[in-house]
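Peer 1: Structure incoming, see below.
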Protein chains: 2
Amino acid sequence: METVSLNRSHGGVQGVYRHPSSATGTAMTFSVFVPDHAPGTRLPVVWFLSGLTCTHANVTEKGEYRAACAELGLIFVAPDTSPRGDGVADVPEYDFGQGAGFYVDATETPWSAHFHMRSYIEQDLPALIAAEFPADMARQGITGHSMGGHGALTIGLRNPDRFRSISAFAPIVAPSQVPWGRKALAGYLGDDPAAWRAHDAVALIEDGARVGELLVDQGDSDPFLAEQLRPELLAAACRDAGIALTLRMQPGYDHSYYGISTFMADHLRWHAARLG
Amino acid sequence: METVSLNRSHGGVQGVYRHPSSATGTAMTFSVFVPDHAPGTRLPVVWFLSGLTCTHANVTEKGEYRAACAELGLIFVAPDTSPRGDGVADVPEYDFGQGAGFYVDATETPWSAHFHMRSYIEQDLPALIAAEFPADMARQGITGHSMGGHGALTIGLRNPDRFRSISAFAPIVAPSQVPWGRKALAGYLGDDPAAWRAHDAVALIEDGARVGELLVDQGDSDPFLAEQLRPELLAAACRDAGIALTLRMQPGYDHSYYGISTFMADHLRWHAARLG
């Protein structure tokens, strides 16, 4: 692991790091904020998965999470959204390829060569975080935005023993049913929708995945709300499954980091309360 | 005035605007955050002047001021750092020309055609803010970072009746005595250092400018500290002049927005307490 930058901030250290990922076969960049802590202490971890077009840098610069993480004693991990680089497949569109890994392990060529973001987030990066940072891996929460909200919900629902708390900002809740998701899941996983269900929060719940509760903030002025995000589908699935979903429709808020940053501290307090 | 963007954030509206400036003779872009407020109310204003290479966007995206401004009921104005555009003089260096206006009215060609950032900040933009926003212009504070800290200190010291509160993050306190400042002041104002004194906080204080108090945060790991910033010169001038300077050396902090954002809420509380 190589250190790209370290900056003191809000009573902690904001780091950016690069490592060779065995999951993607590429160098991957990510950021970690570690609040000051007593030597030997291990702190709970909140993962933040980012949305289409983002790298680790968007939330690191605009997410306004550090003050709350320092106050609450939380490590904050922000991975990239796909493998990148000259040898990595790509297309010109913003919603597929580099910057749009959708947190799946691609089975379709040419994506299957490097686009293994599920394994990267579920296995590869957690092992590195456990080894290199003062992280208590028994206390992890996960959140994310848009495509990263999809990632947080699906990874959280598939790994309820690992993640004690799951939240999302403006998530894609049912990728199988919306244009962004159908394009990505078909492109990475092939045309059979049966292969998509493990990567669709609503389908996972329909298929029996269970957690106690979820927190979602969604702006009602988000231009992607009606076509791509459709939180009502998550609300219906949670109602049927007995999952306590707190879905907060936020009047006037859009899809940007101006909204995410507004509700970030609130989500972190929610995670901290559940991570002990 | 043209609206570039409006985003709801932290219980207020973050706007970005563009207007034709009579001071610079160019279109100028700036941002304003207005917290929700009762109809007819006018809110105090804090100006934030940015540093070398910045536009309004740096602090708008990375400054983490909105939560505190919403809580305290402060309007936050972030201007650009110079005129810009194809017809505006420039040089390749980062510390002179576009992005480096130094808050002076240039007298030297070719800069004198457009580089009138003193008039822009002291007269042109305030008139627009007073006309277009619910701002109480009797309650203004000013702050800024690096070159913008220089701007805040000098504009504040020259206009103590207008600005009830003045603070700065890692400011250039004595441009006449440091490389960045000497290059800029000579380039914009000519070689006679007598013309520089109205644009040098330490010289202004030596020449009799007086305010009650100043707040400055300065990271002790700032790579520009010893050569360009030299807060000890401001401390000495304030001591001699009887100005109550609160100079906080912040251990481990550097020159970046990771530091600015850390102390932003603190500065805003300090301004709010003085703006009533």
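Peer 1: Taking a label point 7 Å out from Cα toward Cβ, give me the nm distances from residue B:87 to the same spot in the other copies, shortest first, one decimal.
Peer 2: 5.2
Peer 1: Would you tell me the accessible area of residue A:1, worked out with a 1.4 angstrom probe on the heavy atoms of the protein chains, in Å² to the nearest 10?
Peer 2: Roughly 90 Å² of residue A:1 is accessible to a 1.4 Å probe.
Peer 1: Could I ask something else about it? How large is the convex hull of the C-alpha atoms of chain B per residue, in Å³?
Peer 2: 113 Å³
Peer 1: Using the Cα gyration tensor of region B:143-276, with a ≥ b ≥ c the square roots of its eigenvalues, what is the shape: rounded (a/c below 1.5), prolate (a/b larger than b/c) or oblate (neither)?
Peer 2: Note, shape of region B:143-276 comes out oblate.
Peer 1: Give, as a single signed number, the net charge of other residues whose beta carbon lies under 12 Å from the beta carbon of residue B:12, with Lys and Arg counted +1 and Asp and Glu -1.
Peer 2: Counting the neighbours of residue B:12, the net charge comes to 0.
Peer 1: I want the antiparallel fraction of DSSP beta bridges within the protein assembly as shown, as a percent rounded to 5.
Peer 2: The antiparallel proportion sits near 50 percent.
Peer 1: Ok, one more. So between residue B:210 and residue B:119, what do we pick up on full extension, going 0.36 nm a residue minus the alpha carbon distance?
Peer 2: 30.6 nm
Peer 1: On a straight-distance basis, which lysines could pair with residue A:62 in a cross-link, Cα separation under 23 angstrom, same-chain partners fewer than 8 positions away excluded?
Peer 2: B:62
Peer 1: Mind checking which of B:229, B:74, B:215 has the largest fluctuation in a GNM of chain B, springs on alpha carbons under 10 Å?
Peer 2: B:215
Peer 1: Here's another thing I want to ask about it. Can you list the residues of region B:51-67 with backbone N under 18 Å from a point 7 Å past the Cα of residue A:221, pointing along Cα to Cβ?
Peer 2: Under cut-off, by backbone N: B:61, B:66-67.
Peer 1: List the distances, in nm to one decimal, from the label point of residue A:123 to the label points of the same position in every other copy, shortest first, placing each label point 7 Å from Cα along the Cα-to-Cβ direction.
Peer 2: 6.9
Peer 1: I would also like to ask the following. With every protein chain left in place, what is the accessible area of residue A:183 in Å² (1.4 Å probe, nearest 10)?
Peer 2: 70 Å²
Peer 1: In nm to one decimal, list the spacings between the residue B:195 label point and its equivalents in the other copies, with label points set 7 Å along Cα to Cβ, shortest first.
Peer 2: With the label placed 7 Å along Cα→Cβ, residue B:195 yields 7.1 nm.
Peer 1: Residue by residue through B:237-248, how many Cβ atoms from other chains fall within 10 Å of the Cβ on average?
Peer 2: Neighbouring Cβ atoms belonging to other protein chains average 0 per residue here.
Peer 1: Between residue A:158 and residue A:57, what length comes free when the chain is fully extended (0.36 nm per residue of separation minus the Cα-Cα distance, one decimal in nm)?
Peer 2: Taking residue A:158 through residue A:57 to full extension adds about 33.7 nm, to one decimal.
Peer 1: Still on this model: Rounded, prolate or oblate, given the Cα gyration tensor of region B:12-144, with a/c below 1.5 counting as rounded?
Peer 2: Taking the square roots of the gyration eigenvalues as a ≥ b ≥ c, region B:12-144 is prolate.
Peer 1: To continue, here is another question. From the phi of every residue in region A:208-215, what ³J(HN,Hα) in whole Hz does the Karplus formula 6.51 cos²θ - 1.76 cosθ + 1.60 yield, where θ is phi - 60° and glycine or proline is x?
Peer 2: x, 5, 9, 9, x, 7, 9, 10
Peer 1: Given 0.36 nm per residue, what is the gain on full extension from residue A:192 to residue A:246 after removing their alpha carbon distance, in nm?
Peer 2: Computed gain between residue A:192 and residue A:246 is 16.2 nm.
Peer 1: Given the convex hull of the Cα atoms of the protein assembly as shown, what is a quarter of its surface area in nm²?
Peer 2: Convex hull of Cα atoms, orientation-averaged projection: 25.8 nm².
Peer 1: Let me ask something additional. Go ahead and set up a Gaussian network model of chain B, Cα springs under 10 Å, then flag whichever of B:60, B:41, B:29 fluctuates most.
Peer 2: B:41
Peer 1: Suppose accessible area is computed on protein heavy atoms with a 1.4 Å probe; arrange A:50, A:5 from highest to lowest.
Peer 2: A:5, A:50
Peer 1: Ranked from highest to lowest mean number of other Cβ atoms within 10 Å per residue, what is the order of the peptides B:202-213, A:259-270, B:240-251?
Peer 2: A:259-270, B:202-213, B:240-251
Peer 1: For the rotation taking chain A to chain B, which residue of A has the Cβ nearest the axis, and how many Å away is it?
Peer 2: Closest to the axis: A:64, 3.
Peer 1: With n ≥ 4 as the cut-off for DSSP H runs, can you work out [θ] at 222 nm for chain B, using -39500 (n - 2.57) per run divided by the number of residues, rounded to the nearest 500?
Peer 2: Helix-only estimate at 222 nm: -8500 deg cm²/dmol.
Peer 1: Residues with amide H under 5 Å of residue A:43's amide H, sequence separation 5 or more or different chain, H placed in the peptide plane at 1.01 Å from N; which?
Peer 2: A:135, A:136
The values are calculated or read from the model by the stated rules, or taken from the named source; none is laboratory data. All figures in this text were calculated on a predicted structure; none of them were measured in a lab. Here Cβ is always computed from backbone atoms with ideal geometry, including for glycine, and neighbour counts include all displayed protein chains. The area values use the complete protein model at the heavy-atom level, side chains included, leaving out ligands, DNA and RNA. Shrake-Rupley method; radii C 1.70, N 1.55, O 1.52, S 1.80 Å.
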